[in-house]
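The values are calculated or read from the model by the stated rules, or taken from the named source; none is laboratory data. This is a predicted model, so every value here is computed, not measured. Methodologically, a virtual Cβ is constructed for each residue, glycine included, from the backbone with ideal geometry; neighbour enumeration extends over all protein chains shown. Calculation scope for accessible area: heavy atoms of the full protein, side chains included, ligands and nucleic acids excluded. Shrake-Rupley method; radii C 1.70, N 1.55, O 1.52, S 1.80 Å.
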Amino acid sequence: MQQRRIGRTDLHVSKICLGTMTWGQQNTEAEGHAQMDLAFERGVNFLDTAELYPIPPKPETQGRTETFIGNWMKARRNRADVIVASKVVGRTANDWFRGGRPSKLVRTDIFDAVEKSLARLQTDYIDLYQIHFPERQIPWGSNPTRVGNWPAPRDEDETPVAETLAVFAELVTAGKIRHFGLSNESSWGVMRFVAESDRGVGPRVASLQNAYNLVNRTFEVNLAEVCGREEVSLLPYSPLAQGYLTGKYDHGARPEGSRSQLFNRGQRYETPNAAEVQLEYNELARSFGLEPALFANAFVTSRPFVTSNIIGATSIPQLNMALDAAEVHWTGEMQQAVDAIHQRTGNPCP
C-alpha cells in the first residue's frame with residue numbers, strides 16, 4: 001500500500017489508517033486483534049486511537065482500546081513496525097479521565113494522560129500525540145457552516161495555546177511522544193498553534209484529524225489552504241459519515257446492531273435534508289457499480305490533500321471493503337458527479 005509523509009516529520013504512513021474506537025464496546029479484544037492482523041497483512045502500518053476510546057465514552061470502558069492495542073503489539077512483537085497515534089481529551093467535565101476531577105489542556109492533565117496511555121499501550125513512546133478536541137468553547141468539529149452565538153463565548157480560565165504547546169515540547173524532549181497533532185480544530189486554531197511553534201514555543205503541528213466525507217467537505221473551505229501552505233497533513237475521520245454513507249440507513253432503516261440503533265449518537269448526520277443527500281450519494285455509488293461504502297471511502301482516499309484515511313469497521317467483511325478503497329481507480333467522471341451533488345446540497349453534516 002502506498003505510503004505518504006505526515007507533515008514535515010519522518011513518519012511515512014499507509015494511505016489508509018486503521019481506526020479503533022469500536023474495540024472494547026462493539027468489538028471484543030480478539031476481534032480487534034484480528035482486524036489489526038488483517039490490516040497489517042494488507043499494507044497498513046498506522047493505527048489511530050485515543051485515551052477516550054471506546055465510543056461511546058464511559059468510565060467503565062475508558063482506555064480499553066489502548067489496552068487491546070498494547071496487548072497486540074506485545075504479542076506480535078512488532079512495536080517498531082507500527083505507527084501509533086493517540087489523543088488527549090480537551091476540556092471535559094467528565095471526571096473519570098483524571099481520577100475524579102474535570103480535565104483541561106494543562107501540564108498536570110496532559111502528563112497524566114500520556115503516562116496512562118503509554119502504560120496501556122505498553123510502549124515507551126507515541127509516534128503522533130494529538131489534542132482530541134480544543135479546550136476553548138467552539139461547536140463540535142470546529143467548522144460550522146453558519147455563525148451561532150456572537151461574540152463566541154469564552155471560559156475565563158481558558159488555557160492559552162502557548163501554555164498547552166509548551167507541555168508538548170516537554171513530552172518530545174522526554175521522548176514520550178515523537179510528533180504533535182490536532183483534531184476537531186478550526187483554521188484559527190491550526191494557525192495559532194503554527195504561530196506559537198514558529199515563535200519557538202513548542203513542536204510544530206504535523207497533522208489535523210477532522211471529519212471529512214461526501215456530506216461534510218468543510219475542510220476544503222479554509223483549512224485546505226492553511227494545511228497546504230503550512231504543511232499540516234489531513235488525517236480525515238468518519239469517511240462513511242458514521243455509516244450513513246454505507247446505504248444501511250437509507251429510507252430510514254435502522255438495522256439491528258448498527259451504531260445508530262445501539263447508541264443513538266448519529267445526530268451529526270441526521271440534520272435536516274441529510275437523509276435525502278446521503279441517499280443521493282449512495283445511489284450515485286451504485287450507478288458506478290460500487291457499494292456505497294467502497295465509493296465513499298475511495299472518494300476520501302483519492303483526495304490529493306488527504307495523507308491517510310482513518311477507516312473503521314466492526315466486522316472483517318466491512319474491513320476488507322474499507323481496505324479495498326485503496327485500490328479503487330477514482331475517475332474524473334466520479335468526481336464531476338460528486339461535485340454536481342455537492343454544488344446543489346453543500347455540507348449538510350458539518
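In the chain, the portion of solvent-accessible area held by carbon and sulfur atoms comes to 49 percent [1.4 Å probe, whole percent, DNA, RNA and ligands not counted]. What FRET efficiency, computed as 1/(1 + (r/R0)^6) with R0 = 35 Å and r the Cβ-Cβ distance, is obtained for N149 and N273, rounded to the nearest 0.05? After rounding to 0.05, the efficiency reads 0.90. The slack in the chain from A166 to A340, taken as 0.36 nm per residue of separation less the alpha-carbon distance, amounts to 58.2 nm.
Of the trypsin sites (Lys or Arg not before Pro) found in segment 53-100, those in coil by DSSP whose Cβ has at most 15 other Cβ atoms within 10 Å are R77.
The residues neighbouring L128, those whose beta-carbon lies less than 12 Å from its own, together hold a net charge of -1 under the Lys/Arg +1, Asp/Glu -1 convention. Per residue, segment 294-336 exposes 39 Å² of accessible surface when a 1.4 Å probe is rolled over the protein heavy atoms with every protein chain present. Averaged over its residues, segment 146-234 has an accessible area of 46 Å² per residue, based on protein heavy atoms and a 1.4 Å probe. For segment 101-159, GluC sites (Glu not before Pro) meeting the loop criterion (DSSP other than H, G, I, E, B) and having at most 16 other Cβ atoms within 10 Å: E156, E158.
Each residue of segment 304-313 is assigned a 3J(HN,Hα), and the resulting list reads x, 8, 8, 8, 8, 7, 7, 8, x, 7 Hz, derived from the Karplus form 6.51 cos²θ - 1.76 cosθ + 1.60 (θ = phi - 60°), x at Gly and Pro. For the pair segment 272-350 / segment 105-139, the C-alpha centres are spaced 31 Å from each other.
Only one of the listed values, [x] 75, 43, 41; [y] 83, 41, 38; [z] 53, 51, 37, was derived from the coordinates as Cα extents along the principal axes in Å; which label is it? Structure-derived value, by its label: [z].
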